[in-house]
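Some notes on the structure that comes next.
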Amino acid sequence: MNENQFSGPNCSLNIASTEAGLPPLLMLHGVTRRWQSFLPMASSLAMSSQLHVMDFRGHGKSERTPEHYCVVDYVEDAIAYLDSLPQKRVSIYGHSLGAMVAAHVAAERSDRVAGIIMEDPPFRTMGESISETILLSFFSAMQELAGDQRGIPTIARELADVQLFDPKQNQKIRLGDVRDSAALRFTAACLQQLDPETLNSVVAGKWLDGFETETI
């Protein structure tokens, strides 16, 4: 896959893509991740689709945009890139944050979107009610390590010892007991390229501001 910078109206985005000539598939990762999240499935999908895999703003090699990291901000970037593609119809695959962005893009550009695949969209659990879930402790820990430039093994060891608090069960869970070493290393690599401010709105319960789930 080849990486190139796309100059959007609000920021520059890093896009990895395969050769042209097949129907386009735009792939959108989850918060704290980067385009390489999709590498395990890329070779299979590239047999039938031209892949366009985005680093969201503040992630990977894309530009940082302080104070502009709500879901609707990522939607603007995805629409800008979609509008730049020459094909009339584009399919979108989104994971987590990417799934919510895919839904919003499809609502805004129904004439351009052939279909969407939504993997594990969190919706309201990542909004005002995040403090009622284990996700608050998870993303608070991710924020502390975001942008850390120490070695990946060091960051991965700290990740393994992160204590997640589940308020519903009133218990703590060690991250290393629910994520294997390969997953922890990849998370560490993603965190090295993550702007810590991407998680400000998440931990504050403001991430969904402007995102109207029912309307979408």
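The values are calculated or read from the model by the stated rules, or taken from the named source; none is laboratory data. Small disclaimer: the values here were computed from a predicted structure and weren't measured. What goes into the accessible areas is simple: the full protein's heavy atoms, side chains included, and nothing from ligands, DNA or RNA. Shrake-Rupley method; radii C 1.70, N 1.55, O 1.52, S 1.80 Å.
Straight-line reach from residue 61: taking Cα to Cα under 28 Å and skipping same-chain neighbours fewer than 8 places apart, the lysines in range are 88, 206.
Among 41, 100, 27, the largest mean-square fluctuation in a Gaussian network model of the chain (Cα springs under 10 Å) belongs to 41. Rounded to the nearest Hz, the phi-derived 3J(HN,Hα) couplings of the stretch 4-21 under the Karplus curve 6.51 cos²θ - 1.76 cosθ + 1.60 (θ = phi - 60°) are 9, 8, 9, 8, x, x, 10, 6, 8, 10, 8, 10, 9, 9, 9, 5, 6, x, where x marks glycine and proline.
State the three equivalent ellipsoid semi-axes of the stretch 36-149, derived from the C-alpha gyration tensor as the square roots of 5 times its eigenvalues, in descending order and whole Å. Mind dumping the intermediate values first?
Numbers: eigenvalues 133, 56, 45 Å².
Those come to 26, 17, 15 Å.
Any idea what angle helix 97-108 forms with the longest principal axis of the chain, computed on alpha-carbon atoms, 0 to 90 degrees, nearest 10? Computed tilt is about 40 degrees. Along each principal axis, taking the top coordinate minus the bottom one, the Cα set of the chain gives 50, 38, 29 Å in descending order. Per-residue 3J(HN,Hα) values for the stretch 67-75, derived from phi via the Karplus relation 6.51 cos²θ - 1.76 cosθ + 1.60 with θ = phi - 60°, read 6, 10, 10, 8, 4, 5, 5, 5, 4 Hz in sequence order (x marks Gly and Pro). Normalised per residue, the accessible area of the chain is 47 Å², obtained with a 1.4 Å probe and no contribution from ligands, DNA or RNA.
For the chain, the fraction of 1.4 Å probe accessible surface lying on carbon and sulfur atoms is 50 percent.
Under 1.5 on a/c is rounded, so check that first for the stretch 46-102, then, if it is not, pick prolate when a/b is larger than b/c and oblate when it is not; a ≥ b ≥ c are the square roots of the alpha carbon gyration tensor eigenvalues. List each step's numbers first, then the result.
Working: a/c = 1.84, a/b = 1.76, b/c = 1.04.
Prolate shape, in that a/c is at least 1.5 and a/b is the bigger ratio.
Sorted from greatest to least, the principal axis extents spanned by the alpha carbons of the stretch 149-216 come out as 43, 32, 19 Å. Can you tell me the 0 to 90 degree angle between the C-alpha axis of helix 135-145 and the longest principal axis of the chain, rounded to 10? Value to nearest ten degrees: 90.
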